[in-house]
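The values are calculated or read from the model by the stated rules, or taken from the named source; none is laboratory data. Fair warning: this is a prediction, and the values are worked out from it, not measured in the lab. Reconstructed Cβ throughout: ideal geometry from the backbone, glycine too, with neighbour counts over all protein chains shown.
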Amino acid sequence: MRIVVLAGGIGGARFLLGVRSYAREVGAEVTAVVNVGDDLLLHGLKVCPDLDSVLYTLGGGADPERGWGRAGESWTVKAELAAYGAEPTWFGLGDKDLATHLVRTTMLTAGYPLSQVTEAMAARWQPGVRLLPATDDRLETHAVVDLDGGRRAIHFQEWWVRYRADVPTDRFVFVGADAAEPAPGVREAIAAADVVLVAPSNPVVSIAPVLAVPGLREAVVEGPAPVVGVSPIIGGAPVRGMADRCLAVLGVECSAAGVGRLYGGRRDGGLLDGWLVAPEDAGVEVPGVTVRAVPLRMTDEAATAAMVRAALELV
Ligand code: GDP
Ligand code: CA
């Protein structure tokens, strides 16, 4: 069996732990198509927050409390940069993490596409699933905001980390998406999949930018594999993070029903055949979509693998 997972960072990474565990049990192959909309240049270095979260989590090197970055991290370089007054100061770059960005930037500068760089990094981290960036091209999520009396676009990371999503926001734009192409292997993986799973990642700024790559959404929606999504919203609130703020920008209710309807049923031109919601949200209906309520808290790998099993039983 072949499983493709559309994923963002922390929620995507935790979900992938369960997918990997399930896949080992049944002998399935897993390909994760990961969001690159959060990627940014900092101090001349290319940082890919979602790919890094997935690599570190699946590779056993993630900080379990913080959720992002490396376990046992130190912050010497960050302090030195601050001593120079080097902007931006709002993004946490740990010393261990920096090595990742140095290696990645060196390879990108030498001409390797992000997909090959990611593959090279996976040789160290052995994530146990195939990791593909959604695209090798530049695609950045920006928030169009009202700041200092004017309207402008700021990078999603600045919106999220610096402003804590607490600034009047008109919309999100996926800069570069028009000219982007799915990374090598993405279309093929989707076409060969037996099932496509949409991780309980942020629908607005993790899954939407993946689907914004021209041809990628079509590959999923018109492909042969059934598509099952897992709700990141339980009982009207995100399990962690600020997905509620992102949904509010779109005018979408922060609920399992709201997100399910945002994705929409495949029969009506949407994405989903199946939608997993938490027991708290039992009874939710999404037109054209089979909905099932199962525990959705990713407390450990076994609980998460059970979610994956339930997703596959749905289709
Ligand atoms: P990010 O890119 O690091 O922000 O991470 P993602 O977009 O992949 O995932 C963020 C989403 O994961 C948030 O909206 C959370 O609600 C969701 N999430 C985190 N933990 C859990 C969990 O245990 N269960 C479910 N269902 N969703 C979760
Ligand atoms: Ca992210």
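Points worth noting:
- Within the range 11-24, the set of residues being within 14 Å of ligand 2 (Cβ to nearest atom) and surrounded by fewer than 24 Cβ atoms within 10 Å (Cβ to Cβ) is empty.
- Filter result for VAL213 (more than 12 Å from ligand 1 (Cβ to nearest atom) and either crowded, with 24+ Cβ neighbours inside 10 Å or of a type outside the set (A, V, I, L, M) (or both)): yes
- With respect to (1) in contact with a helix residue (DSSP H, G or I) (Cβ under 8 Å, 6 or more places away or on another chain); (2) under 29 Å from ASP300 (Cβ atoms), the lone exception for TRP90 is condition (2).
- Among residues of the range 279-300, those that are of a type in the set (A, V, I, L, M), touching a Gly at 6+ places or on another chain (Cβ under 7 Å) and within 14 Å of GLY235 (Cβ to Cβ), counted: 1
- Those residues of the range 57-114 which are touching a residue at least 60 places away in the same chain (Cβ under 8 Å) and in contact with an Asp or Glu (Cβ under 8 Å, 6 or more places away or on another chain), in sequence order: PRO88, TRP90, PRO113, LEU114
- Scanning the range 221-261 for residues that are among the β-branched types (Val, Ile, Thr) and buried (at least 24 other Cβ atoms within 10 Å of the Cβ) returns VAL227, VAL228, VAL230, ILE233, VAL259.
- Residue in the range 58-65 that is closer than 20 Å to TRP125 by Cβ, within 13 Å of ligand 1 (Cβ to nearest atom) and either surrounded by fewer than 19 Cβ atoms within 10 Å (Cβ to Cβ) or of a type in the set (Asp, Glu) (or both) present: yes
- Positions within the range 144-183 being among the aliphatic types (A, V, I, L, M), under 19 Å from the mean Cα position of the chain (by Cα) and within 16 Å of MET242 (Cβ to Cβ), in sequence order: VAL161, ALA165
- Where strands (runs of 3 or more DSSP E) fall entirely within the range 16-96, those with at least 1 residues that are among the hydroxyl-bearing types (Ser, Thr, Tyr) are at 29-34.
- Filtered residues of the range 262-281 (kept if modelled with pLDDT under 95 and more than 15 Å from VAL228 (Cβ to Cβ)): ASP268, GLY269
- Within the range 286-298, being in contact with a strand residue (DSSP E or B) (Cβ under 9 Å, 6 or more places away or on another chain) and within 15 Å of LEU314 (Cα to Cα) holds for VAL286, GLY288, VAL289, THR290, VAL291, ARG292, ALA293, VAL294, LEU296.
- Among the conditions (1) within 13 Å of ligand 1 (Cβ to nearest atom); (2) under 25 Å from ALA23 (Cβ atoms); (3) in contact with a helix residue (DSSP H, G or I) (Cβ under 8 Å, 6 or more places away or on another chain); (4) not hydrophobic (A, V, I, L, M, F, W, C), the only one that SER255 does not satisfy is (2).
- Helices (runs of 4 or more DSSP H) (entirely within the range 191-267) containing at least 2 residues that are within 25 Å of GLN157 (Cβ to Cβ) and within 16 Å of ligand 2 (Cβ to nearest atom): 208-211, 243-250
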